[in-house]
Amino acid sequence: MTGSQEEQTEPPSPKQHSLAFEQLVQSSDDIVGLIAYAKFKQSIREGAINGNVPDPAARDLTPVMVNVLRSAAEQMIAQVVNDGIAAATPDIQGTAAVAAIDATRQEILAAFGSNHTDTLRAIKEETTGVEQHVTKRTGFWVTFGINIAAWFVSVVIIVIIVLSRGGPSLEDTLLDAAPHEAQRPTTE
């Protein structure tokens, strides 16, 4: 190995050690701090790719930089949570609908008894009874009879109106409508 490779593998001296991790991460379960540190390391990497490698002393963060990185981490977490909620909403709503249907089914069964067969039989009997009633009341002959009765009533009403009008008598009206060959009876 060459000397430059050995220098790269040696641990940094205490003067070169960055305090960024200690500044950003408050405890081992500080997710916001861990993500903020990852954002910090990402910025160091991007700087290195662009040819801007900071010296080890410049890697110590100011309180403003700590707040900015932690805020960015909190926003990332909030976005992940919001995306997860948005993705889960249809499933949650579907589950809620299924639960509501099950609850309604249980209420119906409690009202009719727990035996499904009895409930279905009662519903079928009621449905059949309604169908028979409607069929009986709307059959051909019933409907035909109602229409004939309505026609007869309308003719009677028309005759009453014509007779009460005070115009020519029914006899005169019929004779006027008859062929002209018929002679009008004369009253002597």
query = In what order do THR173, THR89 fall by count of nearby beta-carbon atoms within 10 Å, going from fewest to most?
reply = THR89, THR173
Per-residue Cβ neighbour rank within 10 angstrom, fewest leading, LEU174, LEU34 = LEU174, LEU34
request  = List, in order, the whole-Hz ³J(HN,Hα) value for each residue of the stretch 130-141 obtained from phi through the Karplus relation with A = 6.51, B = -1.76, C = 1.60 and θ = phi - 60°; use x for Gly and Pro.
outcome  = 5, 4, 5, 4, 5, 5, 5, 7, 10, x, 4, 5
Packing-based exposure ordering (other Cβ within 10 Å, fewest first) of PHE21, PHE152, PHE140, PHE40 = PHE140, PHE152, PHE21, PHE40
message = Using the alpha carbons of the stretch 30-159, what is the convex hull volume per residue in cubic angstrom, as a whole number?
response = 357 Å³
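Every number in this text was worked out from the coordinates using simple rules, so none of it is lab data. From a predicted model like this one, the values you see are computed outputs, not experimental measurements. Every residue, glycine among them, receives a Cβ derived from its backbone with ideal geometry; neighbour counts consider all protein chains shown.
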